[in-house]
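The values are calculated or read from the model by the stated rules, or taken from the named source; none is laboratory data. For clarity, every value in this text was computed on a predicted model and none was experimentally measured. Here the Cβ is made from the backbone with ideal geometry for all residues, glycine too, and neighbour counts use every protein chain on show.
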Amino acid sequence: MPDPYPGYRTLHALGGAFRSRLPGKPVVLTHHTQCVTALRDRGFAPDPAMFRPRLPGYWRDGFRPTILRSVLLMHGTAHRAYRPVISQALTPRRVEAMQGTITQVADRLLDDLPAYADQPVDLIAALAMPYAARVAGLLLGLDADMATRAAGLMRPFVTAIEFTTADQRRAIETADDVACTLFSGILDKMASARGHTSGLPHGDDLAIDTASHFGPHRREDAIANLALLFAAGFDSTASAIGLSIATLLNNPAQARLVRDDPQLVPTAVEELLRFEPPVQILHRVATNYSAHPQITPGTVTMIVTAAANRDPQQHPTPDRLDLTRPPVRALTFGAGLHFCPGAGLARLELAVLLPRLLRRFPALRLASAPTFRAPGIGFRGIEHLPVWLSPPCVRSATVGTTQAQPS
Ligand code: HEM
């Protein structure tokens with residue numbers, strides 16, 4: 001959807017919580033306090049066994065077994081046992097140690113942009129996707145080519161947690177098959193490389209730790225969680241990069257702040273993530289929640305975190321992009337037990353890439369309107385972001401020149 005924000009403003013004005021007419025009649029929450037409470041309250045769960053049967057058929061069928069086995073939809077003991085495997089690999093110290101490599105990945109992709117080509121460049125295909133994919137690939141031991149190819153094929157995978165059309169369902173099935181084949185192959189390679197045929201090895205990398213956690217008897221669970229980790233790792237980050245670049249290009253004075261003031265970059269990244277979050281809606285089912293009369297056990301709840309990020313009661317002037325705004329309590333990475341374990345890594349990826357891109361191409365501008373990810377309402381992203389990298393005078397003077405030079 002190109003612009004969901006006017007709709008969120010209307011929902012805020014209507015009181016923030018209501019039973020919708022969407023299929024399955026979910027209760028929709030949009031106020032910041034309601035959303036935080038629901039995400040933190042143990043009376044809500046993402047448990048698929050409760051959740052899925054309550055969804056309308058066309059949505060339910062989008063939930064492939066792979067997604068259903070993943071940590072995102074785990075609950076209780078299973079979630080408590082597996083979640084530390086991921087969070088230990090993404091501690092602030094581990095993420096900081098990746099900064100040098102992430103910077104190299106960014107610089108290499110920026111070097112490869114055809115700076116003076118006389119045609120627009122799609123920054124999603126040429127930058128956002130390969131960058132986010134290569135970084136997510138580093139966590140799981142995928143090389144750059146494999147990570148980039150897998151990300152392109154798996155992009156529809158994440159939309160399984162989304163209202164689905166027939167077309168989207170077919171794309172999800174294909175992406176799911178790609179994910180299963182890819183990570184099944186990786187598990188086999190890991191096992192044979194270490195001389196294990198029946199058991200899985202143990203090590204300190206995330207793929208190995210995941211395989212080891214589930215063991216050989218729960219191979220399907222290991223595959224599902226490797227696929228989720230890779231998809232969660234690249235998809236939202238690629239979307240955040242695309243949305244942030246488009247936002248900056250529509251706000252040139254703010255873009256100059258990111259380009260010229262390195263001290264401001266962390267604050268700017270927080271504001272960009274508040275303003276244009278790639279994950280807009282989270283889903284839960286109520287188990288024993290009593291704080292709202294319309295929410296009884298079994299009620300499917302849509303927690304519209306993107307609307308909460310623009311709640312006027314929480315943030316003054318919520319619809320204004322202000323990169324100097326002191327960081328606010330945005331819900332871009334969720335809250336509570338399922339809070340995104342990759343938040344620190346995603347922030348670092350944006351903080352490394354955005355100022356570099358703007359410094360390297362100070363004349364960067366939109367070549368035409370971006371194409372938004374469609375259909376769907378939960379995951380916001382840009383599929384194509386055509387930009388000019390250099391100003392018109394330089395473009396016309398260098399037609400036919402192939403050599404890129406930094407501006
Ligand atoms: C801007 C980028 C990102 C955004 C906006 C984002 C957003 C989110 C949100 C909102 C959740 C919570 C889902 C829920 O409560 O139902 C989540 C969970 C998760 N994210 Fe992220 N994420 C991003 C990047 C990453 C990265 C880089 C990784 C890993 C490398 C990652 C891995 C995960 C995992 C594994 C979960 C499931 C955690 C659990 O269920 O306990 N994410 N993410």
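If a residue must be closer than 21 Å to N309 by Cβ, part of a strand (DSSP E or B) and at pLDDT below 95, how many such residues does region 239-294 contain?
Here the count works out to 3.
Do any helices (runs of 4 or more DSSP H) lying entirely in region 30-134 carry at least 2 residues that are within 16 Å of the ligand (Cβ to nearest atom) and not aromatic (F, W, Y), and which ones are they?
Output list reads 32-40, 48-51, 65-68, 76-89, 92-97, 99-112.
Test each condition in (1) within 16 Å of the ligand (Cβ to nearest atom); (2) outside any loop (DSSP other than H, G, I, E, B) for E383 and report the one that comes out false.
(1)
Report yes if T33 is polar (S, T, N, Q) and surrounded by fewer than 19 Cβ atoms within 10 Å (Cβ to Cβ), otherwise no. Break it down into steps so the answer makes sense when it comes.
Details: polar (S, T, N, Q): yes; surrounded by fewer than 19 Cβ atoms within 10 Å (Cβ to Cβ): yes.
So T33 passes the test.
Residues checked against (1) part of a loop (DSSP other than H, G, I, E, B); (2) modelled with pLDDT under 90; (3) farther than 22 Å from P216 by Cβ:
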position	(1), (2), (3)
L138	no, no, yes
G152	no, no, yes
P156	no, yes, yes
R169	no, yes, yes
I172	no, yes, yes
T181	no, no, no
I186	no, yes, no
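Give the number of residues within region 353-378 that are surrounded by 20 or more Cβ atoms within 10 Å (Cβ to Cβ) and within 13 Å of the ligand (Cβ to nearest atom).
Adding up the residues that qualify gives 2.
Return only the number of the condition from (1) closer than 28 Å to I172 by Cα; (2) surrounded by 15 or more Cβ atoms within 10 Å (Cβ to Cβ) that A49 does not satisfy.
Exception for A49: condition (2).
Could you tell me which of the residues Y5, Y82 is modelled with pLDDT of 85 or more, over 27 Å from M154 (Cα atoms), of a type in the set (S, T, Y) and within 23 Å of the chain's Cα centre (by Cα)? Spell out the reasoning first.
Numbers: Y82 fails: over 27 Å from M154 (Cα atoms).
Y5 is the lone residue from the list that is modelled with pLDDT of 85 or more, over 27 Å from M154 (Cα atoms), of a type in the set (S, T, Y) and within 23 Å of the chain's Cα centre (by Cα).
For region 311-352, which residues satisfy the criterion of being more than 12 Å from the ligand (Cβ to nearest atom), part of a loop (DSSP other than H, G, I, E, B) and among the aliphatic types (A, V, I, L, M)? Full working, then the answer.
Restricting attention to region 311-352, the residues satisfying the condition of being more than 12 Å from the ligand (Cβ to nearest atom) are 311-329, 352.
Then keep just the ones that are part of a loop (DSSP other than H, G, I, E, B); that gives 311-329.
Those that are more than 12 Å from the ligand (Cβ to nearest atom), part of a loop (DSSP other than H, G, I, E, B) and among the aliphatic types (A, V, I, L, M): L321, L323, V328.
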